[in-house]
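Enquirer: Structure below; questions to follow.
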Amino acid sequence: DIQMTQSPASLSASLGETISIECRASEDIYSNVAWYQQKSGKSPQVLIYAAKRLQDGVPSRISGSGSGTQYSLKISGMQPEDEGDYFCLQGFKFPLTFGSGTKLEIK
Amino acid sequence: EVHLVESGGGLVQPGRSLKLSCVASRFTFSNYGMNWIRQAPGKGLEWVAYISNGSSYIYYAETLKGRFTISRDNAKNTLYLQMTSLRSEDTALYYCARHFPYYFDYWGQGVMVTVSS
């Protein structure tokens, strides 16, 4: 199985700050990674797919990058609505696997 | 917009069975693969199972193989998850999600399953 190692586990950022979340795959997943935000009590919402493609309706201050085994999600200019839990997903090979999550809070 | 509504959850005793349903609407259900994903209270996401649009391809999380069965009825726009020999560690919020190549693009609101005596 492909392991997705996500870091950090938690993050506290000031409004306007730029933050990054990382996911490292245990093998090459050929950019088949998606990023999700989950707000408290809600279903996950996709932000990024195919490593860097922005889902419709997601603000452009959110971006994804990476290749091979290393991927990252960047939020340029933290906003109140960015609080929540973030997960990466590898969709390259079954069983599909998620990162362990990052809790993002406003400082 | 795509609409997915799960049902069938509840409180069940260990060792018993439960069948979840996910009714899809506002898209052509028979064109898409579907997934079940679960989330234990306060924990992360765990992929459970996938079924292709015509049911030809089915995959499970290794730890659940043999106890859970995914199926679908395209005529009823409905996805199912039959869960047997339930354990306390199966307690979770179960989501259905539409499969878009290499990720899940739409999720339902989830249905809670609690396994307890």
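Enquirer: Along Cα→Cβ, 7 Å out, is where each label goes; now give me the distance between the ones at residue B:84 and residue A:65 in nm to one decimal.
Expert: 5.1 nm
Enquirer: Sequence gap at least 6, Cα distance under 8 Å: using those rules, report the relative contact order of chain B to the nearest whole percent. Display every interim value, and only then the final one.
Expert: Working: 282 pairs, mean separation 41.5, N = 117.
Rounded, it is 35 percent for chain B.
Enquirer: What's the exposure ranking of B:29, B:104, going from fewest to most Cβ atoms within 10 Å? Spell out each step's value before the answer.
Expert: Values: B:29 23, B:104 26.
Exposure proxy ranking, most exposed first: B:29, B:104.
Enquirer: Run the count for the protein assembly as shown, please: Lys pairs, Cα-Cα under 25 angstrom, 8 or more apart or on different chains.
Expert: Step by step, the pairs that qualify in the protein assembly as shown add up to 26.
Enquirer: Between rounded, prolate and oblate, where does the stretch A:31-104 land on the alpha carbon gyration tensor, with a ≥ b ≥ c its root eigenvalues, rounded for a/c under 1.5, else prolate if a/b exceeds b/c? It would help to have the intermediate numbers written out before the result.
Expert: Numbers: a/c = 1.83, a/b = 1.31, b/c = 1.39.
In terms of gyration-tensor shape, oblate.
Enquirer: Could you rank the peptides B:93-102, B:12-21 by their average count of other C-beta atoms within 10 Å per residue, with the highest value first? Write down the numbers at each step before the final one.
Expert: Details: B:93-102: 20.6, B:12-21: 14.4.
Most protected by this proxy first, the peptides run B:93-102, B:12-21.
Enquirer: Return the ratio Rg/(2.2 N^0.38 Å) for chain B, where Rg is computed over Cα atoms only.
Expert: 0.99
Enquirer: Now for a different question. Based only on Cα atoms, what Rg/Rh ratio does the protein assembly as shown have, Rh being taken as Kirkwood's radius?
Expert: 0.97
Enquirer: Using r as the Cβ-Cβ distance of residue A:107 and residue B:114, and R0 as 41 Å, what FRET efficiency do you calculate, to the nearest 0.05? Show your work: numbers first, answer last.
Expert: Working: r = 36 Å, r/R0 = 0.87.
It comes to 0.70.
Enquirer: On to the next question. Of all DSSP beta bridges in chain A, what percent run antiparallel (nearest 5)? Let's see the in-between values first.
Expert: Details: 33 of 37 bridges.
Taking every DSSP beta bridge with both residues in chain A, the antiparallel ones total about 90 percent.
Enquirer: May I pose another question? Tell me the label-point distance for the pair residue A:26, residue B:52, using the 7 Å Cα-to-Cβ offset, in nm and rounded to one decimal.
Expert: The modelled label-to-label distance comes out at 2.6 nm.
Enquirer: Mind checking the full-extension length gain between residue A:12 and residue A:58? Use 0.36 nm per residue of separation minus the Cα-Cα distance, one decimal, nm. Don't skip to the end; give the middle numbers.
Expert: Working: separation 46, 0.36 × 46 = 16.56 nm, distance 2.13 nm.
Between residue A:12 and residue A:58, full extension yields an extra 14.4 nm.
No value in this document is a laboratory result; all are computed from the given coordinates. The model shown is predicted, which means the values in this text are computed figures rather than measured ones. We place every Cβ from the backbone using ideal geometry, glycine too, and count neighbours over all the protein chains shown.
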